[in-house]
Structures are given as C-alpha cells and as structure tokens.
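Enquirer: Next up is a structure, given as structure tokens.
Laboratory data are not the source of any read-out in this text; all were calculated from the coordinates shown. As the structure is a prediction and not an experimental result, all values here were calculated from the model.
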Amino acid sequence: MSDPTNWHGTTILGVRKGGKAIIVGDGQVSMGQTIMKGNARKVRPLGDGSVIAGFAGATADAMTLFERLEGKLEKFPGQLTRACVDMAKDWRTDRYLRRLEAMMIVADKNVSLVLTGTGDVLEPEHGVVAIGSGGNYALAAARALMDTDMDAETIARKAMAIAAEICVYTNGNLTIEILNT
C-alpha cells in the first residue's frame, strides 16, 4: 500500500462542538497537476443516517470501504467504534482490502474517528479531525477557531476556506453533513 501521507486531492474535516458533529469535504478531484472535477461528493451519510463519513483517496476504494462499514454497522448497530475496529481488522488482514488506498473520517452522535488501511482507528483530541492533502491546514485552522464563540458549522466552513487558500488540491466547493449530538 502506498503512503497515505503522500496522497493528494482532497480535504476532509470533522468538527464536534455545541451539540453538533459535522464532516465537510471539498469537491476537487485532481490527477497530478490537473483538476479533473470540482464538485465531487466525498462526504455522505451511512446506513440509516445516524453515521456520517468522508473519504480521502481513491474513490472506488472509498466506496468499497463505505459498503464494508455499512455492513459492520448492521452487524453492530449503534456501536460505531466497534464496527470501525472490526472493519479495520479486516482492512489490515484481508489481501484484497489491504490494497485499498483511502482514509475515512466517520462520526455518530457520540464519537468521531479516523480509519486507515494500517489498522488505525483514532479518536481525535479537541473535537477536530482532518485528512487529505489539505487536512493539516484545515485541522490547524479549526483548532484555532474552537475556542471562539463560533458554532461547529461556521468553524468548519472557515477552516475549509483557509485550507482551500493554501492547498492547491483543495477547493471551496463544500459538501457538509451534520448530526445533532
């Protein structure tokens, strides 16, 4: 599997604040230095809508992972962490899944998590998590804004705007999913 820190092409940000869990993703799809599409949808609800998720990496791989996670959520209803850990085990050990090149942020009313192909299921500190080529920019901006009186959606939008100004692989065409926690 290639190194996920070298993947380019998207920014996904999760913010938890004030009774809201938000995942927002930009719409840019890049192939090398060429922008192929500006309005891709990389964030969506899963299952019955009680879980939201966003991906960075190869689209077909991410769709496979979304389907797998939905299956795990059916097996472990209302237990996002358990479903994610079970999926991460499969992702790490299954010969086919190991080749998938994507990362995911998932959230429900209780927890936000990052899932990677190396078997990681990480819960972020400070209610903020980000992945993708512009993820560190969005993460830093959102962390700086968390202590303000801004709500979660405003923080997410401002942080993504900052990332889009800095990262050439990120645009301002956003898809936002919100859960009340």
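Enquirer: Quick query: amide H of GLY117 versus all other amide H atoms, modeled in the peptide plane; which residues come in under 5 Å with a sequence gap of 5 or more or a different chain?
Expert: ALA102
Enquirer: Here is a further query. Mean Kyte-Doolittle of at least 0.0 and a Cα length of 18 Å or more along the axis: which whole DSSP H helices of the chain meet both?
Expert: Values: long enough: 59-75 (24 Å, -0.49); 80-93 (20 Å, -0.44); 152-166 (21 Å, 0.67).
What comes out of the filter, once short or polar helices are dropped, is 152-166.
Enquirer: Give the total of Lys-Lys pairs in the chain with Cα-Cα distances below 27 Å; include a pair only if its members are 8 or more places apart or on different chains.
Expert: Final tally of qualifying lysine pairs is 21.
Enquirer: Let me ask something else about it. Could you tell me the convex hull volume per residue, in Å³, taken over the Cα atoms of the chain?
Expert: Working: hull volume 17.3 nm³, N = 181.
Measuring per residue, one finds 96 Å³ for the Cα hull of the chain.
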